Amino acid sequence: MFKIKHAVILTLTVVTLTVAGCKSRFEKIRLSNDVAKKYQEAIKLYNKKDYSKALILFEDLSQKYRGRAEAEDLNYYYAYTLYRLKDYTTARFQFKYFADTYPTSKNAEECRYMGAFCYYQDSPEFTLDQENTYKAIDALQLFINLYPKSERVTQASKYIADLRDKLEVKAYTNARLYYDLGGYDMVNYKSSVIALKNGEIDYPDTKYIEEMDLLIIKSQFQFAKNSYPFRQEERFIEAVGYANDFIESHPESKYLAEAKDLKTESEAGIVKAKELMALEANQIAKYKALMEKDAKKDSLAKNPIIK
């Protein structure tokens with residue numbers, strides 16, 4: 001994908017220059033076999049922030065400079081040119097290539113960091129797939145592990161915190177979605193509880209812990225409330241347990257009153273469920289007694305006693 005992206009940039013620039021008519025100075029340099037002159041021009045264009053033209057020259061020179069001493073600086077500028085053009089996918093590849101190829105270079109630390117930062121730049125909003133977010137966290141953590149004394153560690157740690165926050169929001173939002181869909185299928189309430197508990201396992205220090213704990217109570221309460229009567233008691237008991245956990249863990253929470261109300265409603269649900277089950281048991285007992293009485297009548301009718 002990244003090859004296609006920067007290939008398009010190259011193609012569009014070349015076409016624009018061709019349409020312009022006669023060969024410009026840039027075109028002459030581009031077609032020249034004087035690699036030293038071409039390299040100098042590429043650096044000038046980069047410093048002038050004409051990154052599209054600089055990319056064309058760096059792209060050509062990267063093949064011709066392979067194995068030469070000048071290749072180190074060229075690859076450094078090449079990676080940054082891609083970054084300046086916001087082609088983060090290709091840029092992170094080139095930064096990593098530089099760090100792996102020139103591990104003793106004065107720019108190796110910087111390029112390792114920039115490769116991780118490109119992943120950070122490519123991390124999408126929380127509603128989308130978060131594969132690049134996980135990769136960004138791994139890359140930034142690798143940088144910290146490799147260069148623990150680097151002045152960039154503080155910023156890398158901040159980026160990791162930002163990315164984790166995004167994942168926490170996604171975990172909470174996904175669980176909330178299950179809760180909101182509960183009206184269509186009550187099993188979604190149970191799915192919400194599971195998703196929230198998994199989210200708390202993955203992010204035990206999340207700043208959304210109170211909201212998540214409250215939503216666990218609400219989800220379990222709705223799951224119990226919408227269950228068959230014979231399953232309600234045990235499920236309301238679970239809701240009471242979650243409410244007690246919340247009250248103990250968050251005694252100063254702004255959601256404390258709501259948690260207590262849910263506990264009270266769940267306790268009332270337990271009482272009502274017991275009453276319903278007792279009533280149902282009584283009705284079943286009466287039905288069985290009636291059936292036994294009818295059975296005896298049928299038996300007597302078929303086998304009358306002869307006096």
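The values are calculated or read from the model by the stated rules, or taken from the named source; none is laboratory data. As the structure is a computational prediction, the values presented were derived from the model and not from experiment. We place every Cβ from the backbone using ideal geometry, glycine too, and count neighbours over all the protein chains shown.
Are any residues in segment 139-154 surrounded by 14 or more Cβ atoms within 10 Å (Cβ to Cβ) and not hydroxyl-bearing (S, T, Y), and if so, which ones? Selection gives A139, L140, Q141, L142, F143, I144, L146, R152, V153. Restricting to segment 182-193, name every residue that is under 20 Å from the mean Cα position of the chain (by Cα) and farther than 12 Å from A171 by Cβ. Those that are under 20 Å from the mean Cα position of the chain (by Cα) and farther than 12 Å from A171 by Cβ: S191, V193.
Across segment 104-127, the number of residues qualifying as over 23 Å from L85 (Cα atoms) and touching a helix residue (DSSP H, G or I) at 6+ places or on another chain (Cβ under 9 Å) comes to 3. Screening S253 on (1) among the small types (G, A, S); (2) modelled with pLDDT of 95 or more; (3) part of a helix (DSSP H, G or I) shows it passes everything except condition (3).
Of all residues in segment 33-52, none satisfies being assigned to a loop (DSSP other than H, G, I, E, B) and among the aliphatic types (A, V, I, L, M).
Is it true that some residue in segment 114-126 is closer than 13 Å to L146 by Cα, touching a Phe, Trp or Tyr at 6+ places or on another chain (Cβ under 7 Å) and crowded, with 19+ Cβ neighbours inside 10 Å? Yes, segment 114-126 contains a residue that is closer than 13 Å to L146 by Cα, touching a Phe, Trp or Tyr at 6+ places or on another chain (Cβ under 7 Å) and crowded, with 19+ Cβ neighbours inside 10 Å. Selection of first residues in segment 237-252 that are within 18 Å of Y208 (Cβ to Cβ) and of second residues that are surrounded by fewer than 21 Cβ atoms within 10 Å (Cβ to Cβ) and among the hydroxyl-bearing types (S, T, Y), restricted to Cβ pairs under 9 Å at least 6 apart or on distinct chains, gives the following pairs, ordered by first then second residue: F246/S253; F246/Y255. Can you tell me how many residues in segment 191-209 are crowded, with 18+ Cβ neighbours inside 10 Å and not in a loop (DSSP other than H, G, I, E, B)? Here the count works out to 8.
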